[in-house]
Amino acid sequence: MVELLEKIDKATSSEELEKVRIEILGKKGILAKEFAKLKNLPPNQKREVAKELNEIKQQCLEKIERKKEEIKEKELYQRMEKEKIDISLISHTLTSGGYHPVIETMDRILDYFQKLNFAIEEGGLVEDDFHNFEALNLPKHHPARDMQDTFYFQDGYLLRTHTSPVQIRTMKKQTPPIRMVAPGTVFRRDFDLTHTPMFHQIEGLVVEEAGKVSFANLKAVLEDFLRYMFGDVEVRFRPSFFPFTEPSAEVDISCLFCGGEGCRVCSHTGWLEVLGCGMVDSNVFKAVGYENVSGYAFGLGVERFAMLIHRVPDLRSLFEADLRLLEQFRNL
Ligand code: PHE
């Protein structure tokens, strides 16, 4: 009896236990053989021994049941040990996305103007002739329309060639004073090292009561803005022409690559052109029904800023969605 229980106790795995169970309780097992011997006993002993054997059988069954639980628990524990996941191990690093350099540059520019209390305005990409040209002092057949190669739809609508129509729409919607910047996509039929058919501009417009805003204000704001964007650079205003501003200027900064010495990037001039600006032409105010106001406006290409800040040599590479380029900007 004790021997049998010990046998059970020695089993260390489910398989061993099963073997022991068959050995003891199986059809040809130890107990079966003992039971078989009963028939040879005299009747008075038979009962006694049968009772005893049944008790032994019962105890063995119980012991096996307990042992089974014990082994199951042990085996589960062993499996957990073996299969456990070490969460301290370094796995594949998840790569995170990042801002596209053009968007990041745009955000930086807008940040600056928002601090100066400029509101952000947006317009549609499809414009009509009036808002894109006519109201901006570009009557039909005006030669200055050639400055911007336009994509036209059949019904006279067009893809806006600049963000300036947002000036017109904002002035029509609001009353002065106005202080706004309009970021957005614009389109021109142009494609080379420094031009893509789609690019981004930011337009600025300030309108005040006549006499309250001058070219000096425009100059101060833009000089400070350009130093905010490019650091310690020289800023130069060069007389220019835009139909919607008078007087007009193009603004240059000293070349970021050679510090003004002259190099390939600045075509050996020492200067890089970065934006256009001027005092709003009176014809523009007339087109939106404004009187006794003065104001200034400016427009810039966001890609150009991004290229200069990040020294990207080919504008087109910004739109090729090449991960090798974009990964360099992941931490912006
Ligand atoms: N709209 C002009 C362009 O696309 C830029 C500009 C805006 C110039 C406002 C002056 C004032 O070239």
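Only the coordinates and a few stated rules stand behind these numbers; no lab work does. Quick caveat: nothing in here was measured; it's all calculated off a predicted structure. So basically every Cβ, Gly included, is an ideal-geometry build from the backbone, and we count neighbours across all protein chains shown.
Numbers at a glance
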read-out: P(r) histogram, all alpha-carbon pairs of the stretch 254-332 included - 5 Å bins from 0, percent; value: 3, 12, 15, 15, 12, 12, 10, 9, 8, 3, 0
read-out: Ranked by how many other beta carbons lie within 10 Å on average, peptides 15-26, 36-47 from highest; value: 15-26, 36-47
read-out: Burial order of peptide ranges 289-299, 69-79, 109-119 (average beta-carbon count within 10 Å, highest first); value: 289-299, 109-119, 69-79
read-out: The chain: angle of helix 14-25 to the longest principal axis, Cα-based, in degrees nearest 10; value: 20 degrees
read-out: Total formal charge among the other residues, if their Cβ is under 15 angstrom from that of GLY123, Lys/Arg +1 and Asp/Glu -1; value: -2
read-out: Those Cys residues of the chain for which no other cysteine Cβ falls under 4.7 Å; value: CYS60, CYS277
read-out: Cα pair distances exceeding 24 angstrom across the chain, given as percent; value: 68 percent
read-out: When the convex hull of its Cα atoms is projected in every direction, mean area for the stretch 2-83 (nm²); value: 5.6 nm²
read-out: Cα long-axis angle, helix 215-230 against the chain (0 to 90 degrees, to the nearest 10); value: 30 degrees
read-out: Listed residues LEU125, LEU31, LEU315, most fluctuating in the chain (Gaussian network, C-alpha, under 10 Å); value: LEU31
read-out: Largest to smallest principal axis extent of the C-alpha atoms in the stretch 252-296, angstrom; value: 47, 13, 10
read-out: The chain: angle of helix 101-115 to the longest principal axis, Cα-based, in degrees nearest 10; value: 60 degrees
read-out: Structure-based [θ]222 nm, the chain - -39500 (n - 2.57) summed over DSSP H runs of at least 4, per residue, nearest 500; value: -12500 deg cm²/dmol
read-out: Taking the C-alpha atoms of the stretch 54-191, convex hull volume expressed per residue in Å³; value: 336 Å³
read-out: Kirkwood Rh in Å, taken over all unlike Cα pairs in the stretch 113-220; value: 15.1 Å
read-out: Whole-Å semi-axes of the stretch 26-126's equivalent ellipsoid (Cα gyration tensor); value: 88, 15, 12
read-out: For the stretch 222-277, radius of gyration divided by Kirkwood radius, i.e. Rg to Rh on alpha-carbons; value: 1.01
read-out: Contour excess over end-to-end distance, with Cα ends at ASN54 and TYR228 and 0.36 nm allotted per residue; value: 53.0 nm
